[in-house]
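J.: Once you've had a glance at the structure underneath, I'll fire off some questions.
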Amino acid sequence: MANVLFAAAYLGIDSCPIEGFTKDKVESILSDTYHLYDPEHFGVACMTALGYRGEAPHRDKRRRPLEESIIWK
């Protein structure tokens with residue numbers, strides 16, 4: 001999945017890994033409805049959403065300085 005996310009970013013495609021889905025329903029749809037894989041030999045561990053953003057982000061994408069994030073004691 002990491003390779004897919006990196007390749008998508010290189011091509012200018014946004015991506016987001018997805019967890020917390022209902023595994024049984026996803027596997028049922030992929031195997032029974034679309035016949036995409038054999039559930040006896042394979043399973044779904046995670047998913048990835050891919051696409052192009054509709055608009056530019058509304059925030060600056062830089063990190064805050066360390067001094068604003070960490071208090072040293």
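J.: For V26, state whether it is touching an Asp or Glu at 6+ places or on another chain (Cβ under 7 Å) and among the β-branched types (V, I, T). Working first, answer last.
T.: Working: touching an Asp or Glu at 6+ places or on another chain (Cβ under 7 Å): no; among the β-branched types (V, I, T): yes.
Answer is no for this residue.
J.: Looking at region 53-73, I want the residues that are aliphatic (A, V, I, L, M) and have a partner that is exposed (fewer than 10 other Cβ atoms within 10 Å of the Cβ) with Cβ atoms under 9 Å, at least 6 apart or on another chain. Which pairs are those?
T.: Filtered contacts from region 53-73: no entries.
J.: Give me the pairs: first residue in region 1-29 and closer than 20 Å to P39 by Cβ, second residue acidic (D, E) and at pLDDT 95 or above, beta-carbon distance under 9 Å, and six or more apart or on different chains, which are they?
T.: none
J.: Only one of (1) open to solvent by 100 Å² or more (accessible area, probe 1.4 Å); (2) in contact with a strand residue (DSSP E or B) (Cβ under 7 Å, 6 or more places away or on another chain); (3) in a helix (DSSP H, G or I) is not met by V4, so which one is it?
T.: For V4, the exception is condition (1).
J.: From the list L36, L50, which residue is in contact with a helix residue (DSSP H, G or I) (Cβ under 6 Å, 6 or more places away or on another chain) and touching a residue at least 24 places away in the same chain (Cβ under 8 Å)? Reasoning before the result, please.
T.: On the way: L36 fails: touching a residue at least 24 places away in the same chain (Cβ under 8 Å).
Unique residue meeting the criteria: L50.
J.: Continuing with the same structure: Which one of these does S15 not meet: (1) in a loop (DSSP other than H, G, I, E, B); (2) touching a helix residue (DSSP H, G or I) at 6+ places or on another chain (Cβ under 8 Å); (3) surrounded by 12 or more Cβ atoms within 10 Å (Cβ to Cβ)?
T.: (1)
J.: Select from region 61-73 the residues that are assigned to a loop (DSSP other than H, G, I, E, B) and open to solvent by less than 100 Å² (accessible area, probe 1.4 Å) and list them in ascending order.
T.: In the first step, residues of region 61-73 are kept if they are assigned to a loop (DSSP other than H, G, I, E, B); the result is 61-65, 70-73.
The answer is P65, I70.
J.: Related question: Can you tell me which residues in region 35-63 are under 21 Å from I18 (Cα atoms) and either modelled with pLDDT of 95 or more or among the aliphatic types (A, V, I, L, M) (or both)? Let's see the steps before the verdict.
T.: If we filter region 35-63 for residues that are under 21 Å from I18 (Cα atoms), which is where we start, we get 36-37, 39, 42-54, 57.
Those that are under 21 Å from I18 (Cα atoms) and either modelled with pLDDT of 95 or more or among the aliphatic types (A, V, I, L, M) (or both): L36, V44, A45, M47, T48, A49, L50, G51, Y52.
The values are calculated or read from the model by the stated rules, or taken from the named source; none is laboratory data. Quantities reported herein were computed from a predicted structural model and do not represent experimental measurements. Cβ atoms come from the backbone with ideal geometry, glycine included; neighbour counts cover every protein chain shown. Accessible surface areas use protein heavy atoms only, side chains included; no ligands, DNA or RNA. Shrake-Rupley method; radii C 1.70, N 1.55, O 1.52, S 1.80 Å.
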